[in-house]
Amino acid sequence: MDKKEKAVGNIMEVRNLKKNFYLKKKEIQVLKGLDLTVRRGEKVVITGKSGSGKSTLINLLAGLEPPTSGEIVFDGKLLNGLSNNEMSALRHRRTGIIFQNFNLLPSWNACENVEAVLFFSELPRDKRRKRAVELLNGVGLGDRLDNLPAELSMGQQQRVAVARALANEPEIIFADEPTGDVDPETAGEITKILFSWIGQRNTTLVTVTHGELPLGLFDTVYSLRDGILRK
Amino acid sequence: MKINVRELWECASRELSRRKSRTMANIAAYLIAVCVLLVFLTFMRASRDFNRSILGSVGTHFLVYMPWESGAKEYFIPKAPTGEGFFAAGVFSDPFSPNIVKQIASIKEVKDASPYISYRMQGREDRQFFLIGGFDPASPVSVNSTTCAPADLVAGRFLEPGDKGKNVFIAEQNYSSVRGYSVGDRIRILGEEFELVGIVKPATRPARADIYMDIETATRLIVNRMPANVAAGNTINGVLVESKEGPVQDTAISKIRMLSTKLEIYGFGCYKPASNSISVSEQTFWFLTLLIMIAAILFSMKTQLSSVMERQHDIGILKAIGWSNRAITWQILLESLVQSLIGCVFGCAVAVFIVTLVPLRLVVGQPLLRGTTIPAFLFLLAVLISAGGGMLAGIVPALNAARKYPAEALRHI
């Protein structure tokens, strides 16, 4: 595989990634130097127990916080070296994120929450709205456009969060236990919607779970234990 | 990420309208701050101005004269008895040109200046010395405070501009009672007959005399007997001066002294404690104004600040989905600005209402005061404080939140 093929092939490369936290002046090593390579279009799942560092890993991969050491290369660009604005632009245009606890804006309705990603993207207001409505129709919430998050069930909120993550047609989606807070039936529906979308667009998916997702749907399964990633 | 004002406004107005109670609380904070600022400063300013109007004119009058220099004997009537001569501030003095009056009147710190002639002479019959004062009744501002005033009358009438050149005079009560004069009496002075038209009892004044007459008449009587003076144009020996107010009196005096080194000032020092008191009240006013302004800014910022701090999690979400720090900061600033300006407008309206309704008398305790209005500069100050406070209250937490990594802000609940 020559250099060019490699750049096209791998969307993300992680080398010797470490993350430490300080709790009451005590250093806690969460990630102890892990390596990961994700190919474009690959569906990767990382499993692990609660507290194993899965959410920390997804935050680092999505550029939501910096690692203590190590390198994260996204499409040939080293994330560690990017400025705040460049990181924002990357998240705005090329990545999508789904949180376990949805993280919807509480004072914005379902449609506006999806639209939020499309602000400042030079998309006219009507097109922005149209796209948000299409996405919410796609996740089965066409009749709940004007509802605030508090007026939606947990499953519905997570579907809004999924629609939001898909709104900017990202190249890669990071999902932090996307079905962790919903019932198995809703979890199945969300998984179906997500996989149907990424299947059509060859979108890369990196998700972490403590086991509620059917692992057979993924191309690669990793396990995170003691701060180290294992296949 | 290109910032679009329309989109910013869409997000800001959404936040403001959806979080009604928070928005109302912020607007109310600005309303209260602006209202308190305007009402307090307006009443405080009225009180200060009133204080100034009373104290500002205390002791602000004085007599300008030239003490007699020995050797300048030609200014005195050659055959006059010893002890006669131009006399001012208790000493013999030199006459000088009335042009000085114009020069003094043109000084910025001087409110009014008028010519004065004061001459001590000896009665031909009783050999008693008495003092003739000649002033211009058409200059009441400087005359009334330095010599005598219509308010000092105990009998008859005061000198009027129409008495110019007429042989009428007014006398001090003590002088006339010792001499047994009463209003209507005709008395001979320097060989001419004069009618006593009024008797006055003035308080302590820097240019007191025993009898007063119109300056033209007095000049004719006194100066014309001295050809040397007329030839030199030196027809007066005093200038009655009223300065604008106590705090500028020292400046007025020093500018007068600069006109001639021979000029001396005779007045009372009571303007000094009065102007000190004005200065204290002025300083207090500005110090309190500053304090109130700071308190108003802090008070209005406090609510705004805590409401933005509450939004750290929301800011984290926006950052996580790719909003730039600039977009987040501008949105929060816009929200802050809108709330502060709305609060300011309502605060101004309520302040006008209060200031109009509350009688100033209750605040200042003086029945003479008329109603007051809020000066335009205070409205401008209120707008600046609100806008500045709003921007500051918005920008500090916004920058703080924007500086954080999204994950860090998301952990904030």
* To do: Within the stretch B:7-20, track down each residue that is within 8 Å of chain A (Cβ to nearest Cβ), farther than 20 Å from A:Asn168 by Cα and in a helix (DSSP H, G or I).
  => B:Arg14, B:Glu15, B:Arg18
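Within the stretch A:113-132, restricting attention to residues that are within 7 Å of chain B (Cβ to nearest Cβ) and in a helix (DSSP H, G or I), which residue is farthest from A:Lys18 (Cα to Cα)? Step through it out loud before you land on a result.
We begin by selecting, within the stretch A:113-132, every residue within 7 Å of chain B (Cβ to nearest Cβ); these are A:116-117, A:119-120, A:122.
Next, only the ones that are in a helix (DSSP H, G or I) stay: A:116-117.
Values: A:Ala116: 32, A:Val117: 30 Å.
The selected residue is A:Ala116.
I'm checking my understanding of the structure. Among residues of the stretch A:87-107 that are among the small types (Gly, Ala, Ser) and out of contact with any Pro (no Cβ under 8 Å at 6 or more places or on another chain), which one is most open to solvent (accessible area, probe 1.4 Å)?
Here is the first cut: in the stretch A:87-107, the residues among the small types (Gly, Ala, Ser) are A:88-89, A:96, A:107.
Cutting the leftovers down to out of contact with any Pro (no Cβ under 8 Å at 6 or more places or on another chain) gives us A:88-89, A:107.
Details: A:Ser88: 4, A:Ala89: 27, A:Ser107: 8 Å².
Across the stretch A:87-107, the extreme among qualifying residues is A:Ala89.
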* To do: Restrict the check to the stretch A:88-95 and report whether at least one residue is of a type in the set (Lys, Arg), away from every other protein chain (no Cβ under 13 Å) and either part of a helix (DSSP H, G or I) or closer than 20 Å to B:Trp9 by Cα (or both).
  => no
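From the list A:Ala110, A:Ala132, pick out the single residue that is surrounded by 23 or more Cβ atoms within 10 Å (Cβ to Cβ), in contact with a Leu (Cβ under 9 Å, 6 or more places away or on another chain) and more than 19 Å from A:Thr186 (Cα to Cα).
On the way: A:Ala110 fails: more than 19 Å from A:Thr186 (Cα to Cα).
On inspection, the qualifying residue turns out to be A:Ala132.
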* Structure fact -> Given the conditions (1) within 37 Å of the chain's Cα centre (by Cα); (2) open to solvent by less than 40 Å² (accessible area, probe 1.4 Å); (3) within 21 Å of B:Ala89 (Cα to Cα), every one holds for B:Tyr175 apart from (1)
* Starting from the stretch A:102-119, take each residue that is free of Cβ contacts under 8 Å to residues at least 24 places away in the same chain and list its partners that are surrounded by 23 or more Cβ atoms within 10 Å (Cβ to Cβ), counting only C-beta distances under 7 angstrom and pairs at least six apart or across chains. => A:Phe119/B:Cys11
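So if I check each of A:Val44, A:Val30, which one is crowded, with 17+ Cβ neighbours inside 10 Å, within 14 Å of chain B (Cβ to nearest Cβ) and touching a Ser or Thr at 6+ places or on another chain (Cβ under 8 Å)? Lay out the reasoning, then the answer.
Values: A:Val44 fails: within 14 Å of chain B (Cβ to nearest Cβ).
Matching residue, one of A:Val44, A:Val30: A:Val30.
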* Looking at A:Ala150, A:Ala163, A:Ala175, which is the one that is open to solvent by less than 10 Å² (accessible area, probe 1.4 Å) and part of a helix (DSSP H, G or I)? -> A:Ala163
* Structure fact -> With criteria (1) surrounded by fewer than 22 Cβ atoms within 10 Å (Cβ to Cβ); (2) under 17 Å from B:Pro206 (Cα atoms); (3) under 30 Å from the mean Cα position of the chain (by Cα); (4) of a type outside the set (A, V, I, L, M, F, W, C), B:Arg120 comes up short on (3)
* Output the residues belonging to the stretch A:60-86 that are crowded, with 21+ Cβ neighbours inside 10 Å, under 26 Å from A:Ala116 (Cα atoms) and in contact with a Lys or Arg (Cβ under 9 Å, 6 or more places away or on another chain). => A:Leu60, A:Ala62, A:Gly63, A:Leu64, A:Phe74
* Counting only residues that are assigned to a helix (DSSP H, G or I) and facing chain B (nearest Cβ under 10 Å), how many does the stretch A:65-85 have? -> 2
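The values are calculated or read from the model by the stated rules, or taken from the named source; none is laboratory data. This is a predicted model, so every value here is computed, not measured. Glycine also receives a Cβ, built like all others from the backbone with ideal geometry; neighbour counts cover every protein chain displayed. Heads up: the accessible areas ignore ligands, DNA and RNA and are worked out on the full protein's heavy atoms, side chains in. Shrake-Rupley method; radii C 1.70, N 1.55, O 1.52, S 1.80 Å.
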